[in-house]
Structure formats: C-alpha cells, structure tokens
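For reference, the structure is listed below as structure tokens.
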Number of protein chains: 2
Amino acid sequence: MSKELTKRADDYSQWYNELVVKGELADHSAVRGCMVIKPYGYALWENMRDQLDKMFKETGHVNAYFPLFVPKSLFEAEEKNAEGFAKECAIVTHYRLKTDPDNKGKLIVDPEAKLEEELIIRPTSEAIIWNTYKGWIQSYRDLPLLINQWANVVRWEMRTRLFLRTAEFLWQEGHTAHATKEEAVEETVKMLDVYSTFVEEWMAVPVIKGVKTPNERFAGAEDTYCIEALMQDGKALQAGTSHFLGQNFAKAFDVKFSDKNNKLDYVWATSWGVSTRLIGALIMAHSDDEGLILPPRIAPLQVVIVPIYKGEEGKALVDAKATEIMSGLKALGIRVKYDDSDNARPGWKFAEHELKGVPVRIALGMRDLENNVVEIARRDTKEKSTVSLEGLAGHISELLDEIQANIFNRALKFRDENTREANSWEEFIRLLDEKSGFISAHWDGTPETEEKIKQESKATIRCIPLNNKQEDGKCILTGKPSSQRVLFARAY
Amino acid sequence: MSKELTKRADDYSQWYNELVVKGELADHSAVRGCMVIKPYGYALWENMRDQLDKMFKETGHVNAYFPLFVPKSLFEAEEKNAEGFAKECAIVTHYRLKTDPDNKGKLIVDPEAKLEEELIIRPTSEAIIWNTYKGWIQSYRDLPLLINQWANVVRWEMRTRLFLRTAEFLWQEGHTAHATKEEAVEETVKMLDVYSTFVEEWMAVPVIKGVKTPNERFAGAEDTYCIEALMQDGKALQAGTSHFLGQNFAKAFDVKFSDKNNKLDYVWATSWGVSTRLIGALIMAHSDDEGLILPPRIAPLQVVIVPIYKGEEGKALVDAKATEIMSGLKALGIRVKYDDSDNARPGWKFAEHELKGVPVRIALGMRDLENNVVEIARRDTKEKSTVSLEGLAGHISELLDEIQANIFNRALKFRDENTREANSWEEFIRLLDEKSGFISAHWDGTPETEEKIKQESKATIRCIPLNNKQEDGKCILTGKPSSQRVLFARAY
C-alpha cells in the first residue's frame, strides 16, 4: 500500500480514514462497523488509559467489572435510557449452534437453544450496575460508592468510522452513588475537570467545558456536562461526558439508603465516560498531510534513532553510539527505539516515522559522530537542528516538553481563531459556510428553536459553557430575548 | 450477612462459594452464569494482569484488540475449533429493539432488524484474528507476529461457579504467527514457562508443566501444553494452556507467506491464555477456614494498620505514629492501608482483614507506643510478634518475602504429599477415594482406555509431564505395555 496520504485540503475525511489505516492505528474488520485496534494504536490507548486510570484512583475511585449482558427486563427499567439506546442494540437470542443437516461442515443456530429472556449487549452499563448496587447499598455508611469500569460496549450505529463511531468500542464508565444531590453534582463536575485536565495536558487538545441542552442530554440524565474540542476542519467533537443522573436509576431499580437519622431516601447517581473516540479527536486535532502528530506525553514512541552508515565497520561504530544514547534517554524515562532494520533506507524510515507521528527523530551519521553531534528533527514543526552529544538526553527531555506545549498552543490558537460571534441568522450561516468553527450566538432557550436551527444549518448547540457570561441579546433565529450566548458548531 | 465461613472439612465447595462472596472478590449477577468482579477482586486481577503484561512485553509481545463478534461463516472455517465451541456460544441475531405495542413501556426484539449473518460472541479469538492476519502477512519479513489481547470472552456453560467457570470471563489470549514449525513450538513452550513462572513466583502456586493427551487438546490444536495445580481438596485445576496450532488456522483462513527463497507456505501458529479462573486457583490453593490467604506479591493490600486507643487524645497520638509508619512502608513500595474507621472495634477489624487475606496486620496500641513497639500478625501462620518501631519498614518488607516463600512452600509440600504412584487398578481407585491428589500411573496410550478410566474413576489424565521419566510398565486398566507414567487426577 502506498504511504502517500490524501491532502487535508483536498478531502479531509479521506485524509483521516487513510491516516488511521496507514499510520497503523486501526483497521477495518470482517465484522460490520467493528475495528481492529492495531498494536501501535493500542499502545497509544494503553498510555491514555493508564494516565486516566491513575487520575481516577487519585480521586478516590476503584475499578470493578460488571457483565457484558443486560437482561431485557433490566434494560427497559429506566424508560428514557432504554428508549435512547433501543434502536442500536445487539441482542443475544440463542446460546448454541448445531450442525447444519443440509450442509456438511456448516453450522446453524439451534432453534431449541432460544433464551427465555433476550440479553442486550451493554451499550452502557447503568442498568446492570444499578441493579447490582441495590444489593450493595443499605445505609449512608455504604456511600459514596465510587466505581469505574474499563470495558467494551456495543452500539449498532448505521454509519461507522474508525475510532469516531464504531459498533464496538472500548471505554471507561464511572458509576457513582451518593447520599446527597450536592455531592453527586460535585462528583459530576469533578470528573469533568479530570477529563479536561487529561485531554488538555496529556492529549494537548484544548476543550470547552459546558453543559448540554436538554435535547442533547444522555438518555436518563438530569444534566449532561461535556468537553468539546475543535477539529482542524472546523467541526466540533464531543470528547467526554459526565452525567448527573439525579435519582432516576435509583428509582428505576429501587435503590434506597437509610441516612444518619434512619430516614429512607433514593440514592443520587452520576456516570461519566470517555472512549477510544478520543483517539479520533487526537488525530484530527494535530496531524498534518505527512501523517500523525502525537503529543509526547502519550506517544507510544517518543524518540526514534535512525542510523546512517556505510559498511559493517561503520555500523558497529554507529551501533555503539546509539546504545549509549538510548541508555541515556531511557534513564530519563523516555520511550525510544533504535530503528536499525536493514530492509529500508534512511529516507524511507524518516517518512515512516513522520507518518506515525514520532515526536523526535535522531539521525546518527558517521560524519556527525566525528564531530560529536547528531541531527535532531522534531515532528511538530519539522525543524532540524544539529545538537552536541554532550547533554543530549537532557536536551531531548526539554524538547519533548516544548513539543507538548507547542502542539497544545497551536491547537488553542486555531480554536481561538475559529471561535466567532454571530449576531444574526445571515451572519450565522455565512460564518458556518465560510470556515465553520465554534459560533457563539444567542438562542431563545427552546428545544423547538434548537431543532429548527439544526435542521436548517446542520449546526447543533455543543454546550452552554460553564461560568458563561450573562448578556442580553436576541435569538438568531426567532429574535426572542436571550440572556446568554451558547456555543454552536457542526459536529462529529 | 454473617462473616462466619463453612469449614473446609465440612463442605469444601460451600466454603469456596462463601469465601468468594464474603471476601468481597466477586458476586453473582442478574445474568445467568455471569459474575460481578467486585473492587477488591478486581484489584487482585489488576495486579495479576499487570505482572503478566510486563512478562509478555519482556518476551517481545505487543497488545492489540480484535472484535467481540465472530461472523458465523468465519467461526465455522476451522472445523474442529468450531465443533469444539459450537455448543456453548452466545449468538447475536438482531440489532434493534422496538416498543412493545401490547405492553406500554416495554420493549421487544424488532423482527425487522434481523442480521443477515449471525454473530457469535467470541469464546476464543483464533477465527477473527487469523482472518485478520491474512491481510497482515505476506512475507517472512512480516513474521513473527507476536500479539496478545486482554479481553472478555463468553462460553455458555451450563454449570457455573464464580471465577472457576462463568459464562463471561476476562482473560488474555496470545496469538502468534511464525515462519517455521520449530519457532512456533519454541514460542508455545516459552509462554508455558512464562505462565509457570508467574503462577509459582507471583501466585505462590506450584504447578506441573506437561502436555495434554489428544483427547484433552484445545479444539484445533496440534498440541496443548498446560500447567496443572493441586487444590487443597485434592482436585487438580488447569491453570493455563499454551497451544501449538500447527498450520490449521493458516489453512482454514488461507494465510500464506513467501519465504526468503520466494517459496509460499502456510504460516505456523500458537495461542495461549490464562483467565480470571486463576483467581479461583489462588483461593483454593492457599486459603483457610478464617478466610483468604493472599500472596504478598499480588495482594491488593499487603499491610493493614489497626489503631487501638481510648479518647480523642489517644487517637491523635496513634494517628501520628501510623502516618509515620505508613510513609516508611510506602517508601519501600509496600501497599498499606490505615484502617481507622470508627464504626468497628479492633477485634472485628482483625477478623475482617483475616477474611480478606491481608498478609500482615499491624496493631498499634497506646501501651505499645510507650514501649516503642508494635504487634505484628502474619496471616499465613497467624503468628504474632512484638517488633520495635526501629527499622520496622525493612522488617515488614522482609516478612512479606518470607510469607510469599512460606505460602509457596506449604502448597508445594501439600502437593508432594498428595502425589502418589499407583501400580494397579485397585490401588488407583483406593488412592483416589482415600485422599484424591495427583496419581502417577501407567496408561496404554489409547484414547479408548483414557475414556474408560474417566468413566469409571472420574479421574482424567491431567498431563504427560514435560521431560517425563521413561520407564516400562503396564497400563493400570488394560495391562498393556506402557513406556511412561502420566498424571491423573479428579479435576475442576
């Protein structure tokens, strides 16, 4: 397969699809809408997962594991939640195959092995988890329950794209139980903060924190908080959500606790999740026409060393120096690889590592060695520099920090340049068509207007930003009074 | 729920079931045969997983993720494998629910959303993975492919038990591809060694390495290597398997590679896995009538500190000392908790931590503090000792190593005492009925005899030990000549 990528300017969507596959992050599978996460993509996910897991544990959460299956009777218990996911559920109806009597060597579903009750493959786990919590919670002493789960979930999407929207995806889902509404709301906001810290500081993607409108809420939530990021094509992407679930699930599953005064009340709940979709956001926020650009803090490889030499003797010299450099870098905890494979020329390797977004490349040539220097290329700016071997590891370590900051700042600048105000319907449409981006505009607060705006512009309200400035204005569509601007965009 | 356990001697099976639940490792769920792994059990699994993952990476493997679903046509491609799993498959047939017209608020499977091809929930992933490898392997340069996956799998077992046999369980499955038979066999044995090292050195469970008889092979394998452990009730438990798959899957999915001479050949394969079943083995190998006994290296908590005090002032003194001890222990990487909850007396806490198998308990009392000592109790022997606060952390660190070694040695001694030779059918049956255990005996090498022995004694051939001593003998059942003893046991 050619490593040449479609240019972003020519076809952004095609560029993305090619990059995921050629960058060896993921591949399509034989199962409709399901992806294979390849080793390089999975190593990226592991780094993201490990950091998130650490942050969850630091905020007092523990992991557990709940069943993949939700019996239909539990699934339908919280009606709004059930309604929200009913149309995209994979359903297990049988538990056995048998030999096809008409077709030697083939199998058919055994009609005699039909389940009494169908099992839904979890699209999200509130139902099975709250049914379990019922047995775990009796008194205020059992609260709060701060549990997270790393799992696969299935949502039968009709149009799928690698990482962004797949039938099966990997995610984490936090499910917490609290004695008071205040504590549950506090938890919801705290986890939103964990997400924004992670996405900004580790993935180098700036986000807007906000609250969804009722139309865009998670099915079964009282409030959905979100972080929204802007992609390079001017479309927004919801990068994570944290839901205040009120007492909805406690009521659906009859989960009550006795407080300090022995009064019974329903438990308050939150849930929050991020998924492999984040990898899609990462790719679209930073990468360029040459390939991936990965932030050093989560890049599977931070540094690659490419040797340039002639003959066996030259190789031995370069090998020795590479080993020395590697051990210096590893001592600082830097993830480094020595790419001395003999089946490709240096130029081909350079292109390959650019495609895969390795933040720093060190070219190690014979002449450089004589001068006690190496050539360093950074992936984010493509700048090259000649650097002394003296103090190299320290220099690279600082450079990785600088790259991390630069990628974030570049994305932030892009977002700022692509966040504008619209004060009339004409301006709103013109801005959207010109260059898309976030558009801050007044809205009359009704679901009907929101829906009409969506129909006519394909833009949705991404969120009502937290700590939003209050100002009088008129709805861009209806002209009715409004007290604050909300954030619109076309979105993934 | 009472924390009192059934005694092992009274009902071993009941003791096990109670211990899993009361020790808060896992719980039954609303889904038939599926368990909830509770936070304490999951923390144990995380420690096991992280160590195994490290060992896989150190031996050159990388992780990836493949779909949960296997289309039926792929599932049936390798006939023996398909036949082996066909009778215990969860099958997805539909992808949508709809409102039940006859039952407000209820949902039914939408008959119009029937899948064209049924999807099997992976009971193991050879089929989906080898179908994927077909696209990844062209030349010897693409080999070896050394990939592991951490995932959930589903096998619709009729009789289930927490950890030991559940419809859904967590596991890892390695799937490697090689250019030669020799290399694949070498990989199979290497991974068996990784498993035995892990189970012996981390879980403190001694194992016998061996090869399964053809009858007991993994469906689709040419050879199945295994590690077998002995439980305290004298029954054996298969703790991990590593399969040499020959070219079976490469042929079923047409995966060929061109070698250095441009000659096409089918790829050679291995697969290997361990699962949450290991937790069952861990419990049954070490624990006693008071509760769990966990080896320090994988115990979620290695040390618990219980304060004993009177009054606020006493509490402050003890707290200060506990903080000091904690930081000393943490500096050595020891997992420690200060259990200063005020809703239980020390005696209750002691019993609770014994039940949960915390290797070392430190009781911190007022009088002890005056004497600059603490009382230490080790879970494995229940010995108590008074130890100076001076150098406490170092002492505890050594004690944890000693406990790890003691638990292993105790299990090894038990296994040795319960491994015996039988030289006649009468002796075989008598030994089995007396105290079970491993029985080393001659067998004529035929599947028919093996099956007959199983029918009549309920004992199976656990394995033919690696590097088995060759000796002439006569089959205990048929009297036919045999060249080696094999290992029999009744098994989980």
Give the order of B:94, B:442, B:395 when sorted by the count of other beta carbons within 10 angstrom, beginning with the fewest. B:395, B:94, B:442
Please compute the average number of Cβ atoms from other chains found within 10 Å of each residue's Cβ in peptide A:31-43. 6
Under 18 Å from the Cα of residue A:310 - aspartates and glutamates, other chains or at least 8 residues apart: A:319, A:339, A:340, A:342, A:368, A:370, A:375
Distances from residue A:371 to the same residue in each other copy, label points 7 Å out along Cα→Cβ, in nm, shortest first? 7.4
Cα convex hull of chain A, projected area averaged across orientations, nm²: 29.9
To the nearest whole number, what is the average tally of beta carbon atoms from other chains within 10 Å of the beta carbons of peptide A:273-283? 0
When only alpha-carbon atoms count, how far does segment A:419-489 stretch along each of its three principal axes, as whole angstroms with the largest first? 28, 23, 18
For residue A:469, counting only lysines whose alpha-carbon sits under 19 Å away and dropping same-chain residues fewer than eight positions off, the answer is A:209, A:212, A:480
Looking only at other chains, what is the average number of their beta-carbon atoms within 10 angstrom of each beta-carbon in A:100-111? 3
When only DSSP loop residues count, what trypsin sites (Lys or Arg not before Pro) in segment B:340-402 have their Cβ near at most 12 other Cβ atoms within 10 Å? B:382
Using the Cα atoms as the points, what is the convex hull volume per residue of segment A:376-445 in Å³? 96
Let's see if you can work this out: charge +1 on each Lys and Arg Cβ, -1 on each Asp and Glu Cβ, no other charges. What is the dipole magnitude of the protein assembly as shown about its Cα centre, in debye to the nearest 20? 620
Greater than 18 Å separation of Cα atoms is the criterion. Which listed pairs, A:72/A:114; B:349/B:384; A:57/B:315; A:134/A:256, meet it? A:57/B:315
Using a label position 7 Å from Cα in the Cα→Cβ direction, what is the ascending list of nm distances from residue B:469 to the same site in the other copies? 8.8
Starting from the Kirkwood radius over alpha-carbon pairs of segment A:303-406, derive D by Stokes-Einstein at 4 °C in a medium of 1.567 mPa s and give it in µm² s⁻¹. 94
Give the longest segment of chain B that steers clear of GluC sites (Glu not before Pro) in DSSP loops with at most 10 neighbouring Cβ atoms within 10 Å, not counting the sites themselves. B:113-382
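Could you list, in their original order, any pairs among A:87/A:251; B:454/B:474; A:104/B:87 whose Cα atoms are separated by more than 20 Å?
The answer is A:87/A:251.
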For residue A:385, inter-copy label distances in nm, listed shortest first [label point 7 Å out on the Cα-Cβ vector]: 5.7
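If I take R0 = 60 Å and measure r between the Cβ atoms of residue A:142 and residue A:112 in this structure, what FRET efficiency does the formula 1/(1 + (r/R0)^6) give, to the nearest 0.05?
0.90
A short reminder: the numbers here are calculations on the coordinates, not readings from a lab. Please read all numbers here as calculations on a predicted model, not as lab measurements. Here the Cβ is made from the backbone with ideal geometry for all residues, glycine too, and neighbour counts use every protein chain on show.
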